[in-house]
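The values are calculated or read from the model by the stated rules, or taken from the named source; none is laboratory data. Bear in mind that the values here come from a model prediction, so they are computed numbers and not experimental data. When we count neighbours, we look across all protein chains shown, and the Cβ atoms used for this are built from the backbone with ideal geometry, even at glycine.
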Amino acid sequence: MLGKTEMELVYKYAVKNAHDYGSASLSNVLNRALSAMPQFRKDIKSFAKDVGTIVEEVNSLGPEKLDEEYKKYEAEFAEEKKGKEEHGKPKFTIEGAENGKVVTRFPPEPGGYIHIGNMKQCMISDEMARLYSGKIYLYLDDTNPEKCRQKFVDAIREDTGWLGIKFAKEYYASDFIETVYDYGRKLIEKGMAYTCSCSQDAMKAGRHSKSACEHRSRSVEENLRLFGDMLGRKYGDGEMVIRLKGDMEAGNDTMRDPTLFRIRKMAHFRHDERYVVWPTYHMNTPIVDSINGITDIVRSKEYEKWTEVHAYILNALGLRVPRIHYEARLRIEGNTTAKREIRKLIADKAISGWDDPRLVTIIALRRRGIQPEAIRSFTLRFGMSKTDGFAKMDMLLADNKKIIDPIAKHLFFVEEPARLTVKGAKGTKAALNVRKGSDEMREYETTDTFYISRHDAESLKAGDRIRLKDLLGAMVVSAGSEIAAERADVQDGRIVQWVSDGNLMECSVMVPGPIVDADGNVLPDSLKIVRGYVESYASMLEERDIVQFERFGYCALDSKDSMVFIFLSK
């Protein structure tokens with residue numbers, strides 16, 4: 001039972017969590033409380049129950065009451081935040097930024113599921129906003145009608161919500177199409193944009209040779225008329241585009257008259273066939289960012305050469321130019337985050353889908369048992385580094401292990417089971433802790449038939465002394481495909497993992513590995529299936545529960561019906 005001081009501390013953490021994310025998360029509050037009060041790890045079940053009661057109480061508060069409660073601790077939270085800012089600002093210091101006036105955004109294209117590389121950009125943007133008491137917006141870049149779908153919008157919302165990102169506003173690129181059209185007309189009127197009917201190959205060749213095309217000299221009136229014809233559906237896909245009149249001799253090839261608008265005649269998931277002329281990223285995003293008050297943009301360094309184009313367009317239109325912060329893409333060794341490559345892997349049946357546990361999409365990491373706090377700490381550790389390279393999956397798994405270790409239930413599991421008969425063992429009672437130091441027990445009465453792993457069985461021979469873990473000692477009488485032993489007083493025998501006949505369930509464990517090699521070639525055995533027996537306590541688990549199979553590793557229950565687990569780490 002928690003004392004008054006401990007209850008007050010948990011309540012404070014729950015109020016802070018609810019204020020930051022809309023509602024308090026039991027796992028977040030529990031982890032924070034355990035960090036501050038590690039003495040309760042020895043009875044985590046009781047502690048978690050008390051914390052859960054407090055979390056429910058806080059989540060039942062209305063918005064006004066929650067704000068009232070938050071204000072009681074506001075000074076303490078401010079001091080904590082100040083300490084975090086001092087620790088974090090060396091990585092995220094923004095020159096010229098004012099406290100309370102920083103606005104960042106996360107701009108995913110809803111054409112697929114987001115991955116850990118996307119979340120690095122999102123987490124850094126969120127951290128910048130936090131450190132400067134600012135805001136982060138969700139900007140859904142949906143100007144590609146061919147790929148964008150509502151199901152991906154829903155997935156993005158769910159994944160970012162699960163990761164604890166609290167967006168102050170959400171908006172779509174496609175909602176600003178008419179506004180962007182108007183800005184396109186302004187560029188044409190200024191003589192800074194023109195219509196072009198060259199083929200893509202011809203445009204590419206002209207940029208390469210620094211040669212202007214014949215359409216560049218069209219009059220403003222002619223360009224406005226042709227733009228109107230584009231909007232009036234008089235041209236087909238690829239027959240006419242709007243290009244920026246940049247500098248065809250520029251050393252930066254992105255300034256050599258990039259495309260601003262193109263025609264795509266297909267239904268859009270939100271606007272159906274209302275629009276056929278779509279702005280490119282380099283026309284749409286800078287304008288939408290500026291008019292929505294974005295002050296700071298975190299962008300992959302591969303876009304760095306486009307800074308000149310974006311600033312050129314915004315300055316020409318009299319719009320504010322946000323601050324840009326470049327960072328290297330987060331890539332995971334042995335994996336891929338490219339949507340095109342993932343689609344091919346799915347089409348080739350090399351993986352089961354976007355949530356395949358080998359992937360580093362957020363939906364896959366969540367299914368595998370990776371915790372939100374682990375993803376945040378993992379992505380933020382790289383800061384604003386612009387150095388390319390591959391991170392190891394083991395680093396993320398190590399961060400995750402720190403979080404799941406105190407909450408994982410301990411179970412016995414034997415892979416590729418072999419029968420072991422122990423004379424004199426029938427009726428022995430096993431009392432095993434559900435967690436280390438916990439008072440919650442899992443209890444069984446054994447028969448004289450057990451199952452141990454094939455690996456252990458093959459190493460045994462007659463005369464060996466063994467100890468069935470936390471149960472009894474035995475002397476091996478005969479070995480082979482089946483082992484016979486007699487119960488004995490053994491103090492120093494080899495410890496063997498076991499499950500008891502009558503108290504077991506068949507199960508399997510998916511063990512994900514790297515998908516591709518260093519050259520990008522698909523590895524044929526990247527997902528292994530380990531079959532075995534788990535003790536019957538597993539029937540009490542819920543899907544997504546984390547367990548530690550002793551002497552095997554941490555796993556997440558993926559399917560309760562078929563009793564399938566996904567391996568996490570040792």
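Worth pointing out:
- Subset of region 554-570 (residues that are among the β-branched types (Val, Ile, Thr) and either under 18 Å from the mean Cα position of the chain (by Cα) or over 12 Å from ALA538 (Cβ atoms) (or both)): ILE566
- Counting only strands (runs of 3 or more DSSP E) wholly contained in region 271-341, the ones carrying 2 or more residues that are more than 14 Å from GLY184 (Cα to Cα) occupy 296-300, 323-327.
- GLY318 fulfils the conditions (1) under 26 Å from the mean Cα position of the chain (by Cα); (2) surrounded by fewer than 19 Cβ atoms within 10 Å (Cβ to Cβ) except for a single criterion, (1).
- VAL309 touching a residue at least 40 places away in the same chain (Cβ under 8 Å) and more than 20 Å from the chain's Cα centre (by Cα): yes
- Within region 385-406, the set of residues being in a loop (DSSP other than H, G, I, E, B) and surrounded by 15 or more Cβ atoms within 10 Å (Cβ to Cβ) comprises just one member, PRO406.
- A single entry from ARG243, ARG274, ARG233 fulfils the requirement of being touching an Asp or Glu at 6+ places or on another chain (Cβ under 7 Å), within 27 Å of GLU109 (Cα to Cα) and either modelled with pLDDT under 95 or not aromatic (Phe, Trp, Tyr) (or both): ARG243.
- Tally, over region 236-270, of residues that are hydrophobic (A, V, I, L, M, F, W, C) and part of a loop (DSSP other than H, G, I, E, B): 6
- Counting only residues that are surrounded by 17 or more Cβ atoms within 10 Å (Cβ to Cβ) and either outside the structural domain of ASP20 (by TED's automatic domain parsing) or over 14 Å from TYR13 (Cα atoms) (or both), region 53-68 holds 1 of them.
- ASP517 vs. criteria touching a Leu at 6+ places or on another chain (Cβ under 7 Å) and loosely packed, with under 14 Cβ neighbours inside 10 Å: yes
- Positions within region 436-453 being without any contact (Cβ under 8 Å) to a residue 60 or more places away in the chain and in a strand (DSSP E or B), in sequence order: MET441, GLU443, GLU445, THR449, PHE450, ILE452
- Residue satisfying all of: in region 409-435; not in a strand (DSSP E or B) and not hydrophobic (A, V, I, L, M, F, W, C); surrounded by the most Cβ atoms within 10 Å (Cβ to Cβ) among these: ARG435
- Taken over region 461-483, the criterion of being out of contact with any Gly (no Cβ under 9 Å at 6 or more places or on another chain) and closer than 21 Å to GLY532 by Cβ is satisfied by LEU468, LYS469, ASP470, LEU471, ALA479, GLY480, SER481, GLU482, ILE483.
- The criterion of at least 1 residues that are modelled with pLDDT of 95 or more and closer than 21 Å to LEU380 by Cα is met, among helices (runs of 4 or more DSSP H) falling completely within region 70-175, by 116-131, 150-162.
- Within the option set ALA338, ALA347, being outside the structural domain of ASP517 (by TED's automatic domain parsing), surrounded by fewer than 15 Cβ atoms within 10 Å (Cβ to Cβ), hydrophobic (A, V, I, L, M, F, W, C) and more than 24 Å from THR254 (Cα to Cα) holds for one residue only, ALA347.
- Residues in region 30-56 that are out of contact with any helix residue (DSSP H, G or I) (no Cβ under 8 Å at 6 or more places or on another chain) and not small (Gly, Ala, Ser): PRO38, GLN39, LYS42, ASP43, LYS45, LYS49, THR53, GLU56.
- Residue check for LEU61: part of a loop (DSSP other than H, G, I, E, B), of a type in the set (A, V, I, L, M, F, W, C) and either free of Cβ contacts under 8 Å to residues at least 12 places away in the same chain or closer than 29 Å to GLU158 by Cβ (or both): yes
- Selection from region 146-167 of residues that are farther than 19 Å from SER25 by Cα, surrounded by fewer than 21 Cβ atoms within 10 Å (Cβ to Cβ) and touching a helix residue (DSSP H, G or I) at 6+ places or on another chain (Cβ under 9 Å): LYS147
- Scan region 537-570 for residues that are more than 19 Å from LEU504 (Cβ to Cβ) and either of a type in the set (A, V, I, L, M, F, W, C) or assigned to a loop (DSSP other than H, G, I, E, B) (or both) and the total you get is 9.
- Members of region 367-384 found to be farther than 16 Å from TYR554 by Cβ and in a loop (DSSP other than H, G, I, E, B), listed by number: ARG381, PHE382, GLY383, MET384
- GLU178 being acidic (Asp, Glu) and not in a helix (DSSP H, G or I): no
- Here MET283 fulfils each of the conditions (1) of a type in the set (A, V, I, L, M, F, W, C); (2) more than 20 Å from TYR183 (Cβ to Cβ); (3) buried (at least 17 other Cβ atoms within 10 Å of the Cβ) apart from (2).
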